[in-house]
Each structure stands twice: as structure tokens, then as C-alpha cells.
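> Pasting in a structure now, in C-alpha cells, and then I'll have a few things to ask.
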Amino acid sequence: MSDQQYTVARSARARRVRVSVDGDGQVKVTLPKRAPARAAAEAVRELAPWIERRRRALSRAAEEVSRTAGTVPYLGRELRIRPQPGRTRVHRRGDDLLVPTGDARPAIERWYRRQARQAIAPRLDAAVARAGTRYTGLTIRGQKTRWASCSTTVGMSFNWRLLLAPEAVLDYVVEHEVCHLEVMDHSPRFWALLESRVPDWREHSRWLRRYGSTLTL
């Protein structure tokens, strides 16, 4: 595999060489700060069979949840993209998403981020009320590898890309994080608590593992 087929990033927090494949099949190597540059090529060469398997799996997943051309997913529905000259801000009208002409992806992402707060906040408030717990704040992010998190100060963070998933998957992730308000780790106690609130959580977790890479605009 040639140098042009992967990118390299260094991280002060990395303890070892990490190789990942994103939803587009692009390979990224993360190196510890002091690792030699040749470690990237060595890791890619050693993991070449795994990289190809991962690319095939991502391709199959994309085919299984392929969307209609000219649409974007929204909590299990498809919204039709309707470019409008002169428009600078995305607006939804029924199942139509009115967007700027040209490359509208940045504007569409900003719209999803706004919608994420509106969709997640009431779900989070309801789940917290049912659990009898509390949280200190809600943040919307766009990480590539994390769907949500609960901090030690009980601040909640959710990925806007969850709006590209079925509604039941978003509901599961919200309940998952609310369980962390009571049990911060993934001990048997945590999983028992989650199952008491979302009996079919395994189905939604499997969906995210299989199709999470497809949740892009």
C-alpha cells in the first residue's frame, strides 16, 4: 500500500499506533508523538488484510442503507434536497429541505446541528425525569468516533449525526447516557439498568456498529 493511500496524524495522547478506516474507505494512521514516521507504513502493511476486510464491510453497509438520490436521512425519513437561488440558510418545509445552491453541505450540517438540540433536549429531559436524575448541560458535537458521552460533572454531549439514524436508535443512545448518570462505567450493573429501560438495546447497538459509518451527508 503506497503512501498516497493513507494519512498520518500525531497525537500526544496516543500510546500506540492506531489504524482506522473511515466511512469513505480512507485509511488514517495515528502515531504517538515520538513514534518514528516509518511506524505508519509498517502498521498499514501489517494490517493490510484487516483494512481490506473493513473496506468491504463498510461498502456492504452503505449498500444496505442506501438512500434515494437527492435526499438526506432524518430520523428514519428521507428529506428531499431543494436548492433555491439566493438562499443562505436551510429551512425544512414538510419533507423538503430548502438549501442554498452550490455546495450546500456546510449549511445543511449547521441545520442538523440546530435540529439536534431541538430533537435531543426534550428526549433527554424526559429520560432524566423518568430516572429521577439530573444533568448540568447539553452539548452538540460532530465527532467521527463517538455518538454521545456523559462527563464526570454530568454534562451530556451528543453527536448531531444521530439525526441521520432511525429514531429508535437516537432514543436508545439518550437512554444509554442517562443510565451513565447513575452508573458511570459499563459494569454488569450498568447493562442491567439499561436493559430495564431499553429491553431491545442490543438491536440498536448492533445497528450503530454496523451502519454508523454511513451516517454522513
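> Roughly to the nearest percent, how much of the accessible area of the chain is carbon and sulfur, given a 1.4 Å probe?
48
> On a C-alpha basis, how far is the centre of region 1-46 from the centre of region 171-217 in Å? Whole number, if you could?
Value for the Cα centre distance between the two parts: 29 Å.
> Give me the 1.4 Å probe accessible area per residue for the chain, excluding ligands and nucleic acids, in Å².
Counting only protein heavy atoms, the per-residue value for the chain is 59 Å².
> I would also like to ask the following. If you take the C-alpha gyration tensor of region 165-215, multiply each eigenvalue by 5 and take the square root, what semi-axes do you get, largest first, in whole Å?
Three semi-axes, in Å: 20, 10, 10.
> What are the extents of the Cα atoms of region 17-65 along their three principal axes, listed from largest to smallest and rounded to whole Å?
Largest to smallest, the principal-axis extents are 41, 18, 10 Å.
> Taking loop as defined by DSSP and a crowding limit of 16 other beta carbons within 10 Å, which trypsin sites (Lys or Arg not before Pro) in region 104-142 fit?
Counting only loop positions with at most 16 other Cβ atoms within 10 Å, the trypsin sites (Lys or Arg not before Pro) in region 104-142 are 134.
> Taking the radius of gyration and the Kirkwood hydrodynamic radius from Cα positions alone, what is the Rg/Rh ratio for region 90-217, to two decimal places?
Radius of gyration over Kirkwood radius for region 90-217 works out to 1.00.
> Let me ask something additional. Dipole of region 1-135 (Lys/Arg Cβ +1, Asp/Glu Cβ -1, origin at the Cα centre): which of 70, 97, 107 lies farthest to the positive side?
Projecting each Cα onto the dipole axis, the largest value belongs to 107.
> Could you give the Stokes-Einstein D for the chain in µm² per second, using the C-alpha Kirkwood radius, 4 °C, 1.567 mPa s?
Approximately 66 µm²/s, per Stokes-Einstein.
> So what does the Cα-only Debye profile of region 24-143 read at q = 0.13, 0.22 Å⁻¹, as log10 I(q)/I(0), no solvent term?
Cα-only, vacuum Debye calculation for region 24-143: -0.86, -1.16.
> Which log10 I(q)/I(0) values does region 6-93 give at q = 0.11, 0.17 Å⁻¹ under the Debye formula, counting every alpha carbon as one identical point scatterer?
Reported log10 I(q)/I(0), two decimals: -0.54, -0.79.
> Could I ask something else about it? Please turn the phi angles of region 53-67 into ³J(HN,Hα) values with the Karplus equation 6.51 cos²θ - 1.76 cosθ + 1.60 (θ = phi - 60°), one per residue in order, whole Hz, x for glycine and proline.
Calculated HN-Hα couplings, in order: 4, 5, 4, 5, 5, 5, 5, 5, 4, 4, 5, 5, 10, 4, 9 Hz.
> Once region 112-151 is represented by equal point scatterers at the alpha-carbon sites, with solvent omitted, what log10 I(q)/I(0) does the Debye formula produce at q = 0.20, 0.23 Å⁻¹?
So the normalised log intensities are -0.68, -0.86.
> With n ≥ 4 as the cut-off for DSSP H runs, can you work out [θ] at 222 nm for the chain, using -39500 (n - 2.57) per run divided by the number of residues, rounded to the nearest 500?
-13000 deg cm²/dmol
> In what sequence, largest accessible area first, do 28, 144 appear using a 1.4 Å probe?
These residues rank, largest area first, as 144, 28.
> Among 166, 201, 183, flag the residue with its Cα farthest along the positive direction of the charge dipole of the chain, charges on Cβ as +1 for Lys/Arg and -1 for Asp/Glu.
183
The values are calculated or read from the model by the stated rules, or taken from the named source; none is laboratory data. Because the structure is a prediction, the values reported are computed rather than measured. All Cβ positions, even for glycine, are placed from backbone atoms using ideal geometry, and neighbour counts span all protein chains on display. The area values use the complete protein model at the heavy-atom level, side chains included, leaving out ligands, DNA and RNA. Shrake-Rupley method; radii C 1.70, N 1.55, O 1.52, S 1.80 Å.
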